[in-house]
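Below is one structure, written out as structure tokens; comments come after it.
Rule-based calculations on the coordinates, nothing more; no lab input. What you are looking at is a predicted structure, and each value in this text was computed from that prediction instead of being measured. Because the Cβ atoms are built from the backbone with ideal geometry, glycine has one as well, and the counts that use them run over all protein chains shown.
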Amino acid sequence: MKKKQIGAEPLGGWILRFVQGLIIGVGGILPGVSGGVLCVVFGLYRPVMEVCAAPFKNLKKYLGLLLPVALGAAVGCFGLAHLVGAAMQAYPDYATAAFVGLILGTLPALLRTAREKPASRGSAPAFFTSFLLFFALFLLLGRGEGLAIQPNFFWYLLTGVIWGVSIVLPGLSLSSILIFLGLFAPLVEGAKNLDFAVLLPVGIGGIGAIMLLARLMNRLFARYPAVMSYIILGVVAATTIPLIPTGFASVADFFVRLLLLIVGFAVALAFDRLGTKLGCE
């Protein structure tokens, strides 16, 4: 019996992965949303980490799986940067509600994946510790008044490092940190205009950070699979809850946000079922 190649995706699976990459790319520039979390909820985190940790060894293995994701992420981040920036300025609460729905809709699949690993004594403490730590971090970033930083090569390089860390450590929202530093608008503008004075240092810092940290994460997952799975689950839960809308301008505003959240939730569940049906898990 032949073993199924990990990278062999049917056409439907290729389209699904492209759309998931599109969402990851857009989510990476939405305030409060972590690109790493979206990689986790779409079941792409481990393949991405394995490729980053040993690209020459694992790239061929996962090329068919990750190529449509990378293309979708590029289109989402660069092709839709202007649209997302305009939507976030005009309707920030509605855009966030839709993405919260997407993330909430993937939590059942994420919990199912965590339960597939043999439980250990550290699983529950790992979940609650990561939940509390990242919940507190998220609240601190949200309450900060922000800084006024003059963008330059060094700060864009640091932005890239933060971006890389946010991919390797799901739950760390790049956009939230950049808003606090006052660098979110310049980065979105640079992506929209394909300004290499912005994109080059960001790329250097991001790739460097990912390459350095991916090996560590791979070793931790190999040695403590259950504990790491529950840590990631705690991070996703902690960084999603503060995004759930609580204040509403009117009854109509409440129902619009609720509808968008439900739509996002339904889309995520549909992704999960379609992925299972197509054998993309």
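For the residues Val198, Val69, Val19, what sequence is obtained by ranking on other C-beta atoms within 10 Å, fewest first?
Fewest to most other Cβ atoms nearby, the residues stand as Val19, Val198, Val69.
Would you kindly state how much longer the chain becomes between Ile262 and Asn152 on full extension, computed as 0.36 nm times their sequence separation minus their alpha carbon distance, in nm to one decimal?
Residue separation times 0.36 nm, minus the Cα-Cα distance, leaves 35.5 nm.
So how do 248-255, 221-228, 61-68 stack up, highest first, on mean other-Cβ count within 10 Å?
61-68, 221-228, 248-255
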